[in-house]
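The values are calculated or read from the model by the stated rules, or taken from the named source; none is laboratory data. For clarity, every value in this text was computed on a predicted model and none was experimentally measured. Positions of Cβ are generated from backbone atoms using ideal geometry, with glycine treated the same way; all protein chains shown enter the neighbour counts. Side chains included, ligands, DNA and RNA excluded: accessible areas come from the protein's heavy atoms. Shrake-Rupley method; radii C 1.70, N 1.55, O 1.52, S 1.80 Å.
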Amino acid sequence: MLNIETARNWYPEIDPVHGFDHILRVYRMVEKLALAEGADLEIVQAAALLHDAQGSQTSGGEEGRLNHHHASSEFSRQILEAEGWPPDRIDAVQHCIRAHRFRDNTESPQTLEAKILFDADKLDVIGAIGVARTIAYAVVVNQPVYAEPSAHFIETGEKESEEPHSSYHEYLFKLTKIKDRLYTPTAQALATERHQFMAEYFSRLAAEERGDQ
Ligand SMILES: [Fe+2]
Ligand SMILES: [Fe+2]
């Protein structure tokens, strides 16, 4: 049976970025977005449970993460075939999963269900949760929470040699852009508030680091 308890086996219990708690939050959010937007609930639920199942873990390194949307899509086909799902509905779930990765825009979300998975997954990198995950990730990969970004980084998003990729860099490079990348009005409204909270946190972090506050 494809349910929350089965999905628990595919993810580490403790992983600050892609542990099972991330899956549970995305699962709850796709339900909320699907109800508000009128999407197919079963498709988005399956997509949420399966979307990071293969290769997304922090311990798997950057290489595994690069392809985790394809690996998880393939895994989902095997799981859903075994469940007896019809091919067109398996295709729909696979499209959601392939299209969820922010840094790969070769396949963008085409269906409402894919837009909802994308939005729910991205809402989880902003707001209070986003701050916690971003800082936890920096700790795991041995990067500082804060480092003064170079003028070159602020202008181009590219670091100078020896410049660390701190949580603050991640905020400037990626997190601050998320709210403008979402598709559904329901998620956009949630993102506005989450963005404000996160922006206030990071500007305060920078101010305290500089001794201004
Ligand atoms: Fe992912
Ligand atoms: Fe995810």
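Filtering the stretch 93-125 to residues that are among the small types (G, A, S) and crowded, with 22+ Cβ neighbours inside 10 Å leaves A99, A114, A120.
Looking across the stretch 97-128, the residues that are within 12 Å of ligand 2 (Cβ to nearest atom) and modelled with pLDDT of 95 or more come down to I97, H100, L117, F118, D119, A120, D121, K122, L123, D124, V125. Taken together, Y168, Y137 contain a single residue that is part of a helix (DSSP H, G or I) and open to solvent by 60 Å² or more (accessible area, probe 1.4 Å), which is Y137. The residue that is farthest from ligand 1 (Cβ to nearest atom), among those in the stretch 44-68 that are of a type in the set (A, V, I, L, M) and closer than 25 Å to R194 by Cβ, is V44. Among residues of the stretch 87-114 that are over 17 Å from E74 (Cβ atoms), those with a beta-carbon under 6 Å from a residue that is away from ligand 2 (no atom under 15 Å from the Cβ) and small (G, A, S) at least six positions away or on a different chain give the pairs L112/A39; E113/A39.
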